[in-house]
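A.B. asks: Please see the structure below; I have some questions.
The values are calculated or read from the model by the stated rules, or taken from the named source; none is laboratory data. The structure presented is a predicted model; accordingly, all values stated were derived computationally and were not measured. Quick reminder, even Gly has a Cβ in these numbers, built from the backbone with ideal geometry, and neighbours come from all protein chains shown. Ligands, DNA and RNA are excluded from the accessible area calculation, which covers all protein heavy atoms including side chains. Shrake-Rupley method; radii C 1.70, N 1.55, O 1.52, S 1.80 Å.
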Protein chains: 2
Amino acid sequence: MAALNGGTHSKAVLVSAEGHILAETDGPCTNHWLVGVDNCINGINDMVQRAKIKAGLDPDTPVCSLGMSLSGGEQKAAIQKLIDDMRERYPKLSQSYFITTDAIGAMATASDYGGIVVISGTGSNCKLVNPDGTQVGCGGWGHMMGDEGSAYWISHLAIKTFFDARDNLVTSPHDINYVKKAMEEYFQVSDLMGMLPHLYRIFQKSHFAGFCRKLAEGGSAGDALCQHVFTEAGKALARHIVAVLPKVHQDLFSGELGLPVLCVGSVWRSWELMKSGFAQVLSEAQAHGYSHFQKYSLLTLRQSSALGGAKMGAKNAGASLPLDYSANVNVFFSHTFNQ
Amino acid sequence: MAALNGGTHSKAVLVSAEGHILAETDGPCTNHWLVGVDNCINGINDMVQRAKIKAGLDPDTPVCSLGMSLSGGEQKAAIQKLIDDMRERYPKLSQSYFITTDAIGAMATASDYGGIVVISGTGSNCKLVNPDGTQVGCGGWGHMMGDEGSAYWISHLAIKTFFDARDNLVTSPHDINYVKKAMEEYFQVSDLMGMLPHLYRIFQKSHFAGFCRKLAEGGSAGDALCQHVFTEAGKALARHIVAVLPKVHQDLFSGELGLPVLCVGSVWRSWELMKSGFAQVLSEAQAHGYSHFQKYSLLTLRQSSALGGAKMGAKNAGASLPLDYSANVNVFFSHTFNQ
């Protein structure tokens, strides 16, 4: 059993002791930093109870373990409070609880050997997991202090480029008309002033980040500014990898795939638009002193990363959940550097 | 009569028909974008009524005109709603109402000939007023889309530099220890995680921006990173001036002071720390094609910019309020470019 949460959507999967998925359910954002502890707990309980019913189980019988991989599941005190509150308010939910981050849940779905996870959905985050289990993070501080390369950040970069061009503060590298029209349409505004409520009074990160889809459409249709913001996102995400590169264990470089990079989140669907910026930053880093870094591969999950959360929750409860890792991932890009 | 508002504090001045200040009162932030329309209106009414009492006037007798220069007083529909609500809820407040921006109120306090106003307090904003009264703005979009060079922005830049250094995402140009300690002390936190509530759940722009004072202290005491963020702020504020330069009327360059730049807001108290960055950006712009831009002077107000708001409110009500402009301003820096 596991619940997974992103900045916009959440997912629960109910897993049998043999590792089979019995049921899956969806729910709204359950990041407690964004929606508060109450909404987070209610959302998780609701998803899990629906999953029990969907699988034909008694909703009043607690599952053995609930492993949650939550974006925002990083701070120990906050996590303990979430678990305590869940135990108290929903005693029929689960016998044991375990919370980890969305990044670690994703990694546990893909491999038990480690790698680098780069999340880019509504927000962004990067986590290196070494073969010995040690972790090194970069980013994941939310839209006020990071989220570089995320859907929020891409949307913001495009809109900021438009604002700055209008103000004559910074010249846009490309024509702004597509972004202007797309912004007016998506946010239903007719001028810059109209954007202010969307930035402040009625600001919703997931809605703001949703504008990224329009930019992806523009990029695919050939708009140069849309392509530019995705190239910048590719660079930003690659910089997160470069940030943790000095801490990567030698063994992670030497597998068949080279350095495995697990790519999680909806922004990766626009990989073709990000590719040039991403590859450029990694090539520069490799050329400047990582001679043992000869190859990297980008992987996506074919299963929900809630599965890894379930595995970790089970392990925490003293059970082991068998997962077929090779069936869970897909390699979508590999690059070997020139010698 | 006038009320003036900044992102953190507000001020009301009660002025006689002859232009004498009868009373002054203070209040909290009245930016309706930040505190909402209700708090904004209540705050203004409270300040003005206290000013009447302080001046020995009957609080039940409306003043002739109320001219308000409000940060966030830009959008026509929102302004009209503010005025309508004030009339309805506080009929004894004033006979007539006028709302302009904080920038225009400041300019009206300093001159009736125009110039460039650069505000840098909690937030930032720039407005060119030409001799014919036409206006061109740059910035003023708040912390989500601008505020470059403001106290918020300076605080954010210092903290972001620390986060990025810790993440190994961007190397800090200088030692981060002073900023680290000052941040831990000011926000009462012991690690980066502790900053998250200050960035999200309990975020208050004015409190966040208040950290800038600690950075100014550090800069004055010789800390290189603090000095760096203020140099960057100087550049950012100068870029706002460069942005409106193409629209400056020739006559504004040719006075004795050269281009007059009215500097408003608490960040200008750290002028010495910003000077090199500010001067550099203007020199570069001048060298790249503004041959008629030979000199500029920076001015501060010796009076509250509520005074200019009062003048404009009176004018709107058909009266004229005599102001001695030369007594209202102070030139604190002049620079003539090399020929």
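A.B. asks: In nm², what is the average projected area of the convex hull enclosing the Cα atoms of the stretch A:134-240?
C.D. replies: Taking the Cα atoms of the stretch A:134-240, their convex hull projects to 7.4 nm² on average.
A.B. asks: How much accessible area per residue does the protein assembly as shown have, counting only protein heavy atoms and a probe of 1.4 Å, in square angstrom?
C.D. replies: 41
A.B. asks: If you don't mind, another one. How would you classify the stretch A:74-160 from its alpha-carbon gyration tensor, with a ≥ b ≥ c the square roots of the eigenvalues: rounded for a/c under 1.5, else prolate if a/b is greater than b/c, otherwise oblate?
C.D. replies: oblate
A.B. asks: How many square angstrom of accessible surface are buried between B and A, both sides summed, with a 1.4 Å probe and rounding to 100?
C.D. replies: In total, chains B and A hide about 3300 Å² from solvent.
A.B. asks: Here's a follow-up. Running a GNM on chain B with Cα contacts under 10 Å, which residue among B:Thr101, B:Thr61, B:Thr30 ends up with the highest mean-square fluctuation?
C.D. replies: Answer for the Gaussian network model of chain B: B:Thr61.
A.B. asks: Hey, could you pull the Cα Rg and Dmax for the protein assembly as shown, both in Å?
C.D. replies: Final numbers for Rg and Dmax: 28.3, 89 Å.
A.B. asks: Sort the stretch B:213-339 into rounded, prolate or oblate with this rule: let a ≥ b ≥ c be the square roots of the eigenvalues of the Cα gyration tensor; rounded if a/c is under 1.5, and if a/c is not under 1.5, prolate when a/b is larger than b/c, oblate otherwise.
C.D. replies: Note, shape of the stretch B:213-339 comes out oblate.
A.B. asks: Could I ask something else about it? Rounded to the nearest 0.05, what FRET efficiency is calculated for A:Arg87 and B:Glu217 with R0 set to 56 Å and r the Cβ-Cβ distance?
C.D. replies: Approximately 0.75, to the nearest 0.05.
A.B. asks: So if the hydrodynamic radius of the stretch B:276-339 is defined as the Kirkwood radius over C-alpha pairs, what does Stokes-Einstein give as its diffusion coefficient at 25 °C and 0.890 mPa s, in µm² per second?
C.D. replies: 170
A.B. asks: Right, here's the next one. Within 13 Å, Cβ to Cβ, of A:Thr25, how many net charges do the neighbouring residues add up to if Lys/Arg are +1 and Asp/Glu are -1?
C.D. replies: +1
A.B. asks: So what's the angle, to the nearest 10 degrees on a 0 to 90 scale, between helix B:271-287 and the longest Cα principal axis of chain B?
C.D. replies: For B:271-287 against chain B, the angle is about 90 degrees.
A.B. asks: So for B:Glu18, A:Glu256, A:Glu24, A:Glu184, what's the accessible-area order with a 1.4 Å probe, most first?
C.D. replies: Ranked from most to least accessible, the order is A:Glu256, B:Glu18, A:Glu24, A:Glu184.
A.B. asks: Any idea how far the Cα center of the stretch A:261-279 sits from the one of the stretch B:96-121, in Å?
C.D. replies: Using only Cα atoms to place each centre, the spacing works out to 47 Å.
A.B. asks: In the stretch B:238-294, if every C-alpha pair distance is counted and binned at 5 Å from zero, what percent goes to each bin?
C.D. replies: 4, 16, 27, 27, 16, 9, 1
A.B. asks: Next question. Can you list, shortest first in nanometers, how far B:Asp251 lies from the same residue in the other copies, with each label 7 Å from Cα toward Cβ?
C.D. replies: 7.9
A.B. asks: Select from the stretch B:198-237 those chymotrypsin sites (Phe, Trp or Tyr not before Pro) which occupy a DSSP coil region and have at most 14 other Cβ atoms within 10 Å, ordered by residue number.
C.D. replies: Answer by residue number: B:Phe203.
A.B. asks: Could you work out, for the stretch B:34-81, what percent of all Cα-Cα pairs fall into each 10 Å distance bin, beginning at 0 Å and stopping at the bin that holds the largest distance?
C.D. replies: 21, 49, 26, 4
A.B. asks: I'd like the Karplus ³J(HN,Hα) series for the stretch B:131-139: coefficients 6.51, -1.76, 1.60, θ = phi - 60°, whole numbers in Hz, and an x wherever there's a Gly or Pro.
C.D. replies: Going residue by residue, I get x, 7, x, 5, 10, 9, x, 8, x Hz, with x marking Gly and Pro.
A.B. asks: Can you compute the helix-only [θ] at 222 nm over chain A? Use -39500 (n - 2.57) per DSSP H run of at least 4 residues, normalise by all residues, nearest 500 deg cm²/dmol.
C.D. replies: Calculated from helices alone, the mean residue ellipticity at 222 nm is -14500 deg cm²/dmol.
A.B. asks: Can you put B:His207, A:His198 in order of accessible area, largest first, using a 1.4 Å probe?
C.D. replies: The ranking, largest first, comes out as B:His207, A:His198.
A.B. asks: Quick one: accessible surface of A:Ile202, probe radius 1.4 Å, all protein chains present, in square angstrom to the nearest 10.
C.D. replies: 80
A.B. asks: If we count every other residue with Cβ under 12 angstrom of A:Val63's Cβ, Lys/Arg +1 and Asp/Glu -1, where does the sum land?
C.D. replies: Here the charged neighbours net out to 0.
A.B. asks: Tell me which B residue has its C-beta closest to the axis rotating B onto A, and the distance in Å?
C.D. replies: Of all Cβ atoms in chain B, the one nearest the axis gives B:Met144, 4.
A.B. asks: Right, next: Expressed in nm², what is the orientationally averaged projection area of the convex hull enclosing the Cα positions of the stretch B:1-144?
C.D. replies: 8.3
A.B. asks: What are the extents of the Cα atoms of chain B along their three principal axes, listed from largest to smallest and rounded to whole Å?
C.D. replies: Principal axes ranked by extent give 62, 53, 33 Å for the Cα atoms.
A.B. asks: Just to confirm the number: angle between the C-alpha axis of helix A:151-166 and the first principal axis of chain A, 0 to 90 degrees, nearest 10?
C.D. replies: On a 0 to 90 degree scale, this one is about 20.
A.B. asks: If you count only protein heavy atoms and use a 1.4 Å probe, how large is the accessible surface of A:Ser206, to the nearest 10 Å²?
C.D. replies: In the full protein context, A:Ser206 sits at about 50 Å².
A.B. asks: Compare A:Pro28, A:Pro246, A:Pro59 in a GNM of chain A, Cα atoms joined below 10 Å, and give the one with the largest fluctuation.
C.D. replies: A:Pro246
A.B. asks: Then there's this: Please give the net charge around A:Ala182, taking every other residue with its beta carbon less than 12 angstrom from that of A:Ala182, where Lys and Arg add +1 and Asp and Glu add -1.
C.D. replies: Local net charge: 0.
A.B. asks: Additional query: What angle do you read, to the nearest 10 degrees and between 0 and 90, between the alpha-carbon axis of helix A:205-220 and the longest principal axis of chain A?
C.D. replies: Once rounded, one gets 60 degrees.
A.B. asks: Further, regarding this structure: Tell me, what ³J(HN,Hα) does each residue in the stretch A:85-93 have, in order and in whole Hz, if you take phi through Karplus 6.51 cos²θ - 1.76 cosθ + 1.60 with θ = phi - 60° and put x for Gly and Pro?
C.D. replies: 5, 5, 4, 6, 7, 10, x, 8, 6
A.B. asks: In the Gaussian network model of chain B, springs joining C-alpha atoms below 10 Å, which of B:Gly255, B:Gly139, B:Gly277 carries the largest mean-square fluctuation?
C.D. replies: In the Gaussian network model the winner is B:Gly255.
A.B. asks: Give the nm distances, rounded to one decimal, from B:Phe332 to the matching residue in every other copy, measuring between label points 7 Å along Cα toward the beta carbon; shortest first.
C.D. replies: Values, ascending and in nm: 5.4.
A.B. asks: Which residues, if any, in the stretch A:155-173 have at least 20 Å² less accessible area in the whole protein complex than in the isolated chain, probe 1.4 Å?
C.D. replies: Checking the loss per residue gives A:His156, A:Lys160, A:Phe163, A:Asp167, A:Asn168, A:Leu169.
A.B. asks: Relative to the other copies, what are the label-point distances for B:Glu185, with labels 7 Å from Cα along the C-beta vector, expressed in nm at one decimal and sorted shortest first?
C.D. replies: The projected label point of B:Glu185 is separated from its counterparts by 5.4 nm.
A.B. asks: Roughly speaking, what is the centre-to-centre gap between the stretch B:164-233 and the stretch A:11-85 when only Cα atoms are used, to the nearest Å?
C.D. replies: Their Cα centres are 36 Å away from one another.
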